[in-house]
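Below you'll find the structure, written out as structure tokens, and then a few comments.
Quick note: the coordinates plus some simple rules give every number you see, no bench work behind them. All values derive from a computational prediction rather than experimental measurement. No Cβ is skipped: glycine too gets one built from the backbone with ideal geometry, and neighbour counts run over all protein chains shown.
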């Protein structure tokens, strides 16, 4: 065998091996994209069910809350809102940041 024919065989093996790897990666990518479609969770259903569960919890509790907070003091409002959000979300109040307060009515 000559050096030229060995070089062609090496080149053929390299191209075939690279093609096999590329096609394998492409098929794995396709399968992963297919998983996103097949196992997709509808975001609207999740939000609706979460909202319904929260409204049921609020209606079931029916507890009276005393309002001893001076509404003119923004720091007290921020503290009250932070405590209320932390209580309802069952999170630590240090993880909640209130950026602004706007009066609705």
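Each of residue 23 and residue 8 was given a label point 7 Å from its Cα along the Cα-to-Cβ line. The distance between the two points is 2.3 nm. Label sites at residue 31 and residue 101, each approximated as a point 7 angstrom past Cα along Cα to Cβ, lie 5.5 nm apart.
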